[in-house]
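Written out below as structure tokens is the structure these notes cover.
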Amino acid sequence: MLADEPMSAIDVAERTRILDAFAAIRSERKNMSCIFVSHDLGMIRHLATRVIVLNEGKVVECGSVNDVLNNPQNDYTRALVNAAIM
């Protein structure tokens with residue numbers, strides 16, 4: 001499944017329902033891969049197991065969500081994490 005900015009312009013009530021639906025799909029379909037394209041690091045932290053950070057179309061960092069978001073190694077990733085409200 002590919003979801004491009006799935007939380008963009010979604011109100012809080014709908015956001016919760018959509019996050020719960022994605023989590024249920026992920027839980028039920030263990031062999032299914034999901035790719036989320038998003039600037040919403042809170043959503044990424046909630047749903048993803050791995051993350052790839054792109055800057056100008058180039059990979060600048062990738063790894064587990066916890067590693068990348070809790071201890072970013074790249075300046076661009078650090079700026080994203082510091083600017084995000086999670």
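Based only on other Cβ atoms within 10 Å, what is the fewest-to-most ordering of 7, 32, 43, 1?
Values: 7 17, 32 9, 43 20, 1 12.
Least to most surrounded, the residues fall as 32, 1, 7, 43.
Give the range of the longest stretch in the chain that excludes all trypsin sites (Lys or Arg not before Pro) found in loop regions by DSSP and having at most 11 other beta-carbon atoms within 10 Å. All intermediate terms of the calculation are to be shown ahead of the outcome.
Numbers: sites that count: 29, 30.
Between exposed loop sites, the widest span is 31-86.
What do you get for GluC sites (Glu not before Pro) in segment 1-80 restricted to DSSP loop and a cutoff of at most 14 other Cβ within 10 Å of the site's Cβ?
Values: sites: 14, 28, 56, 61; in loops: 56.
Sparse-neighbourhood loop GluC sites (Glu not before Pro): 56.
Which one is right for this structure if volume of the Cα convex hull per residue in Å³ is calculated from it: (i) 145; (ii) 120; (iii) 101?
The calculated read-out lines up with (iii).
Which of 79, 8, 33 sits farthest toward the positive end of the charge dipole of the chain, with +1 on the Cβ of Lys and Arg and -1 on the Cβ of Asp and Glu?
Farthest towards the positive pole: 33.
Under a Cβ-only charge scheme (Lys and Arg +1, Asp and Glu -1), can you give me the dipole magnitude of segment 1-54 about the Cα centre, in debye to the nearest 20? Present the calculation step by step, with values, prior to reporting the outcome.
Details: 7 positive and 7 negative charges, 66 e Å.
In total the dipole reaches around 320 debye.
Label-point separation (nm) for residue 25 and residue 5, each offset 7 Å from Cα along Cα-to-Cβ?
In this crude label model, residue 25 to residue 5 measures out at 1.8 nm.
What distance in nm separates the two pseudo spin-label positions at residue 46 and residue 78, each 7 Å out from Cα along the beta-carbon direction?
2.9
Bear in mind that the values in this text are calculations on the coordinates, not laboratory data. A quick note: this is a predicted structure, and the numbers were derived from the prediction, not measured. Using ideal geometry, Cβ is built from the backbone for each residue, glycine included, and neighbour counts are taken over all protein chains shown.
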